[in-house]
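Enquirer: One structure, as structure tokens, below. Some questions next.
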Amino acid sequence: MDEIPFSDSQEELLDHLLLKEEIEVFVKDLERFGLQLEDLVELVPKHRDTKEKARQLAFVLAEDEDLMNMIFRKYTLPMTRISLKYQISRKVLYGSREYILSILVVLKNNLTLLYKWI
């Protein structure tokens with residue numbers, strides 16, 4: 001992350017710089033939730049349907065201003081409130097917590113280059 005490869009294209013260099021900045025914002029916000037970037041690979045839901053449910057829930061939560069304010073004020077997911085409001089099982093929530101939070105961080109901070117990887 002600290003090294004930027006030499007490139008003939010200024011546009012590529014700009015993309016590398018923007019990506020580096022987005023990753024720094026992403027990592028900083030993840031740490032506020034007690035998460036490390038390196039751990040996300042292991043914490044992503046393994047089952048495709050669970051992963052898709054969690055992804056869809058993250059997008060729904062991103063539209064819920066009250067919950068987003070609560071999540072980013074307390075740096076935690078209000079599991080019971082989300083479960084009741086969106087009729088999603090607590091099992092899916094607990095198993096996907098880190099994945100959901102990582103998507104919310106990308107969406108909240110409008111990290112457009114990282115958004116492509118969701």
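The values are calculated or read from the model by the stated rules, or taken from the named source; none is laboratory data. Just so it is clear, the structure is predicted and the values come from calculations on it, not from any experiment. Note that we place each Cβ from the backbone using ideal geometry, even for glycine, and neighbour counts take in every protein chain shown. Heavy atoms of the whole protein, side chains included, go into the accessibility calculation; ligands, DNA and RNA do not. Shrake-Rupley method; radii C 1.70, N 1.55, O 1.52, S 1.80 Å.
Enquirer: Answer yes or no as to whether residue 41 is over 25 Å from residue 19 (Cβ atoms), of a type in the set (Val, Ile, Thr) and either touching a Pro at 6+ places or on another chain (Cβ under 8 Å) or modelled with pLDDT under 95 (or both).
Expert: no
Enquirer: Is it the case that the range 6-14 has a residue that's part of a loop (DSSP other than H, G, I, E, B), touching a helix residue (DSSP H, G or I) at 6+ places or on another chain (Cβ under 7 Å) and exposed (fewer than 13 other Cβ atoms within 10 Å of the Cβ)?
Expert: yes
Enquirer: Could you check how many residues of the range 89-116 are closer than 15 Å to residue 45 by Cα and not small (Gly, Ala, Ser)?
Expert: First pass over the range 89-116, keeping only residues closer than 15 Å to residue 45 by Cα: 89-103.
From the residues that got through so far, the ones that are not small (Gly, Ala, Ser) too are 90-94, 97-101, 103.
Looking only at that region, the number is 11.
Enquirer: Still on this structure, I have one more. So if I check each of 40, 35, 101, which one is in contact (Cβ under 8 Å) with a residue 24 or more places away in the chain and in a loop (DSSP other than H, G, I, E, B)?
Expert: Result of the check over 40, 35, 101: 35.
Enquirer: Kindly provide the set of residues from the range 86-113 that are modelled with pLDDT under 95 and among the basic types (Lys, Arg), ordered by number.
Expert: 90, 91
Enquirer: Among the listed residues 113, 77, which satisfies the condition of being among the aliphatic types (A, V, I, L, M), in contact with a Leu (Cβ under 7 Å, 6 or more places away or on another chain), part of a loop (DSSP other than H, G, I, E, B) and open to solvent by less than 100 Å² (accessible area, probe 1.4 Å)? Spell out how you get there, then give the answer.
Expert: On the way: 113 fails: part of a loop (DSSP other than H, G, I, E, B).
The match here is 77.
Enquirer: Quick one: in the range 80-98, which of the residues that are open to solvent by less than 40 Å² (accessible area, probe 1.4 Å) and free of Cβ contacts under 8 Å to residues at least 40 places away in the same chain is nearest to the chain's Cα centre (by Cα)?
Expert: 93
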